[in-house]
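Everything below concerns the one structure shown next.
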Amino acid sequence: MPSFSVFLAQVTNAANAAVAGAPVDPATQPDRPLWSVFLIYGLLLATIYFVFFRPQIQAKKNQDEKIKTAKTGDKVVTSSGIHGIITNVKDSTVIVRVADNVKLEIEKSHIDKINRPESSDSEKEKSSTAKAS
């Protein structure tokens, strides 16, 4: 009685022979056009750019814009984890109050998050919608 490994070898050989058909000579195969190679690599590079690099670039631009518009009264978190409220804005630094009578001068580039306090207009709208319902 033949074993399973012999049967598997016979099936594999038959499948290879059916797929292979007549042997193909590499010299008779037509060459792929050069433009198609450039197209494939171009699409690959474009995909990598739009999937990996573009989102990071946009996030960095948004963060830089947010930092440039920092103003007094904004709550900030620095890259070292210090929480505070901006009391003064200078060209490249901000003065952050972290506790009573404790102020730190921090580079704007080290601000990670800015939480702006809600304006009084939006609070009035919220209170008026709450009263209406």
**OP:** Pick out, from Val77, Asn115, Val96, the residue whose Cα sits farthest towards the positive end of the charge dipole of segment 73-117, with +1 on the Cβ of Lys and Arg and -1 on the Cβ of Asp and Glu.
**Re:** Asn115
**OP:** Rank these for me by crowding, Leu43, Leu104, going from fewest to most other beta carbons within 10 Å.
**Re:** Leu43, Leu104
Subject >> Spacing of the two label points (7 Å from each Cα toward its C-beta) at Lys66 and Val11, in nm >> reply: 5.8
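We did not get these values from a lab; they are worked out from the coordinates using the rules stated. Computed from a predicted model, the values in this text were never measured in an experiment. Here Cβ is always computed from backbone atoms with ideal geometry, including for glycine, and neighbour counts include all displayed protein chains.
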